[in-house]
1. For a protection proxy built on the mean count of beta-carbon atoms within 10 angstrom, sort 23-32, 50-59 highest first, please.
2. Quick one: putting +1 on the C-beta of Lys and Arg, -1 on the C-beta of Asp and Glu, what dipole do you get for the chain around its Cα centre, in Debye to the nearest 20?
3. So which lysines pass the test for residue 75, namely a Cα distance under 27 Å, with those fewer than 8 places away in the same chain ruled out?
4. What is the percent carbon and sulfur in the accessible area of the chain, measuring with a 1.4 Å probe over the protein chains and ignoring ligands?
5. Which percentage, to the nearest 5, of the DSSP beta bridges contained in the chain is antiparallel?
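The values are calculated or read from the model by the stated rules, or taken from the named source; none is laboratory data. Because the structure is predicted, anything quoted here is derived from the model rather than measured. We place every Cβ from the backbone using ideal geometry, glycine too, and count neighbours over all the protein chains shown. Only protein heavy atoms, including side chains, enter the accessible area calculation; ligands, DNA and RNA are left aside. Shrake-Rupley method; radii C 1.70, N 1.55, O 1.52, S 1.80 Å.
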Amino acid sequence: QVRLVESGGGLAQPGGSLRLSCAASGFTYSSHAMSWYRQAPGKQRELVASITSGGSTNYADSVKGRFTISRDNAKNTVSLQMNSLKPEDTAVYYCYVFVWGRNLWGQGTQVTVSS
C-alpha cells in the first residue's frame, strides 16, 4: 500500500523553528522526487519545497533562506526544517509524491505560528 505519513507540526512563536517529517512506504522511494505543500485557510494549496531523487532542491520564494528540505533514502523519509517562522507560515502542510501515474498526498499536519 502506497502511503505518506507526516509528523512534527504544532505551535511555534514567530521567529521559532519546527521540523516536519514524512515517512513513505509502498513504492521505490529513492527513485521519486518528494515535495512539501501547504494550504492556509481560504487559500489554494501551494508548493513549499521539493527535492529530486538526486537531491536537487527547489523552494518557494516566500521560504527561501528559512526552510530546508532534505531526504534520507535509507529511512524513506523526507523532512522540512522550518526556521525564522512567520505568522503567514500558518497552514496545513502536506507531503506529496507523484507515483504510478497518480498524485499521492499525506494526511497533513497543522503548523501554527503565533505569539
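1. On the way: 23-32: 15.4, 50-59: 13.8.
Put in order of decreasing packing, that is 23-32, 50-59.
2. Numbers: 11 positive and 6 negative charges, 20 e Å.
Result for the chain is approximately 100 debye, rounded to the nearest 20.
3. Residue 75 reaches 64.
4. On the way: 2730 of 5970 Å².
Carbon and sulfur together cover 46 percent of it.
5. Details: 37 of 40 bridges.
If I count the DSSP bridges inside the chain, around 90 percent turn out antiparallel.
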